[in-house]
Every structure is written in structure tokens, then in C-alpha cells.
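The structure appears below as C-alpha cells.
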Amino acid sequence: YVRCFRSKESLLRENNDADVEDKGVDDTLLLPLARTLAFNWAVGNRREAGVALAHITGSGHEASALVSALSKILKKIDPVRYLEAQMASLRQSFEDWMDNEPEEIESIHPTDEEMQAFADAEKAHKAQFQDLEQQAWKLSQSLGVGKLSKQLAPALLGFVQEGIKFAFSNSDGADDEDEWALGTRLSFLRILIKYANWAKKKKDHKQALKETLDEKELALHDHPDFGEVHEDDLAALEAFRKALGLEPTAVAKDDDDATAMDASMATENEHVTPSPSTAGRYSRGSTNRSRMSSVSGLRSLSPLYEEKDDGSNDGSGEEQGEEGKDLIIEEERDEDESEDEEFSAPAPKKGKSYGRKALSTSQTTLDPYEEE
């Protein structure tokens, strides 16, 4: 039933922008799934629950009210399983967002229609991530107000650690080849920020998360492809540390110094003008993250003039200078008088390389995808 639900859940999303919601869609798609989960939640499937929980936002008022009521029931029956279902929901929604990355324009000279279509796709992609952040916020609020229960408090540490593990990974298993570019999933940390207030309440939990983050960040920095990590992904990591009340690591400070140095060096190269890039945030659909950036510009070489020596020269030196001048004139007469000049085009940039092996991860205390 979940596969059928996933194939038709776009009908639920359409209710979000409709002037009049189609309540029949909620009754035929979402309500049967919610009833099944509520009745069997003691042994319920976390992934199925995650699919339903994703509609707590973005599917209209009726769907939001229905999922909110379901959340209260699931939390009451088994709060830890409910928390794991939240992780499954957020991970699935995040992967859907990554899969919807706008495709880059392949044309070197795109038309106005292509540029407008790409701009609209980027706008929709950004709105989808904002909906994901709203989804995480509502799910976090459903855990409680002011204080977590005795069952949820220790489980939340494992929840956040599982999220950190996912954010720093670029494959779905230790034996899988790298599926995504290094650091591609770091944006998931912006989703975990919605749970930061719960995670930092206990000092021992905060310290455990600091140690996990430091270990993951150092491993990321030591990776040979670290230079290819997108600046927006690193910004997500910095924002997450700040939300937890943690100081930036020495690695982050070194990176800031290196970025400032690169910026100052870039200003020195004034005679090379990069063409505007129409590339998107990522190229998610393949393991090659290409950027439509090319460098154009011609370098003209000015002739070098020999400066005269201000010191005293004897007569022989002047004669040698005149002979040398005559020799240069004779050579110039023998050369082709064509006015065309040859210019060397800049060497093309190498494509971005990607991680060779998935980063090693520590044993986690929570796996929302664990088989029942």
C-alpha cells in the first residue's frame, strides 16, 4: 500500500495550494494508512510511518490535522519508535529534495526560455527545502513542551547522532561505492537544527555530540576531496555547531583563513574575466558535479624595451650596441610581416573528483531503517 500511496501522494500536495481542499483525497489515501499505523504501532513499520508523517506540512490543513492526531497516538504508544519514525521521515524527504535538484543547462548559449525555466526550477527547489525545515520543526514540537519524557530524553541523543552520521555519509552502506559527492548531505544538518534545543539541554549529551562532530569534521577535512566540498554545505555544518552552542573547530578557522587568502589572490588576476555560471546548487543525479563555468579573455604581450645603461661606456661598447641593433632589424625583416597574433587559451579546468570510499562511521545507537 505504501508504494501505491507514494505514487499518488502528489494529489495530497496539490491541496496545499488549492483554494478548496479535496477532502476525498485525504480520506482515500492518508486516512487508511494512518488507521493501520495507529492500530499496529507496537510492531509498526517506521518507514511507513515516516511516509505519513511527511504530510504534517505541505498537504493542506486537513492532512496536517490528521497527521498531528496520528503523531499523538504514536507517541503515546511507543515514543522511542515514534522518534525513529521521525528520522525515517526526514531522511526520505531530504533524499526527495536532493533528487529534485534542477538539471543544469547544457547549452553554452542558453535561450531566455531555458534561463527562465532553470530559475523557476531553482525557486521551487528552494521552497521544497523550506517546507522540509517546517516539517522538521513541527515534528520536533510534537515531542513535547519544555521537557522530554524519561523515555525520549536518552533516545534523542541517538536520534541526533544518527542524523550526524547520515549528514557526513555519501553512500547508503559501508560496502557501497560513493553515490554522492563528498559533503553533499551536510545540508541535512540544517534539518537537525530544529532538534538542537532538545539535544543541548543535558551537558553530557552536548559533550557527546561535540566529540562526534569533531571526529567527523576532522575526517572530512583529511579526505583528499575536501577541497571539492561546496561552501553551502560547510556553512550548514557551521550553523549546526552554533545551534548546539559549540565553538568552531580549528579546522573551520583554518578554512576561513585559506578562503580569505584565495579571495585576495583572485583579485590580482584582473585580465581574466570568468563567464557567468548557470549551474545549479548541485548535480545530484550523477557522481559528476560539473560547473558551467568557463574562462575567457586574451592576453596581449607588450614588447620589452632594453634600458640604456646610465654608466660610462667606452667606444667599443657603443659600437657593439649599434651592431646588435642592426642584427635585430635584419632578423625582423626576415620574419613574416603578418599582423595576426596567436593566443593561448587557458587550460580547461579538471572536472570535480569525488570520494573514493565512504567515510568510516562509528557504531550508532539508532537505526530507523532497521528491519522489523
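The values are calculated or read from the model by the stated rules, or taken from the named source; none is laboratory data. Nothing here was measured: the structure is a model prediction, and the numbers come from that model. With ideal geometry, Cβ positions are generated from the backbone for all residues, glycine too; neighbour counts draw on all protein chains shown. Side chains included, ligands, DNA and RNA excluded: accessible areas come from the protein's heavy atoms. Shrake-Rupley method; radii C 1.70, N 1.55, O 1.52, S 1.80 Å.
Of all the residues that make up region 32-84, how many are part of a loop (DSSP other than H, G, I, E, B), under 19 Å from GLN151 (Cα atoms) and open to solvent by less than 10 Å² (accessible area, probe 1.4 Å)?
1
For region 10-31, how many residues are among the polar types (S, T, N, Q) and open to solvent by 80 Å² or more (accessible area, probe 1.4 Å)?
Residues in region 10-31 being among the polar types (S, T, N, Q) and open to solvent by 80 Å² or more (accessible area, probe 1.4 Å): 1 in total.
Of all residues being in a helix (DSSP H, G or I) and over 18 Å from ALA88 (Cα atoms) in region 131-161, which is most open to solvent (accessible area, probe 1.4 Å)? Just the residue, please.
By that ranking, first place goes to PRO154.
Before we move on, is ALA235 crowded, with 17+ Cβ neighbours inside 10 Å, under 21 Å from the mean Cα position of the chain (by Cα) and under 23 Å from TRP97 (Cβ atoms)?
Here the answer is no, as ALA235 does not meet what is asked.
Restricting attention to region 150-189, and to residues there that are of a type in the set (D, E, K, R) and under 16 Å from the mean Cα position of the chain (by Cα), which single residue is modelled with the lowest pLDDT?
Taking region 150-189 first, the residues of a type in the set (D, E, K, R) are 150, 162, 165, 172, 175-179, 185.
Cutting the leftovers down to under 16 Å from the mean Cα position of the chain (by Cα) gives us 165, 178-179, 185.
On the way: LYS165: 95, ASP178: 55, GLU179: 74, ARG185: 94.
Here the residue is ASP178.
Tell me which residues, restricted to region 93-121, are open to solvent by 70 Å² or more (accessible area, probe 1.4 Å) and charged (D, E, K, R).
The answer is ASP99, GLU103, GLU106, ASP112, GLU113, GLU114, ASP120.
Can you name the condition, by its number, that GLN130 falls short on among (1) under 19 Å from HIS55 (Cα atoms); (2) touching a His at 6+ places or on another chain (Cβ under 6 Å)?
If we test GLN130 against (1) under 19 Å from HIS55 (Cα atoms); (2) touching a His at 6+ places or on another chain (Cβ under 6 Å), just (2) comes out false.
Evaluate the following for LEU192: is it at pLDDT 95 or above and in contact with a helix residue (DSSP H, G or I) (Cβ under 8 Å, 6 or more places away or on another chain)?
Here the answer is yes, as LEU192 does meet what is asked.
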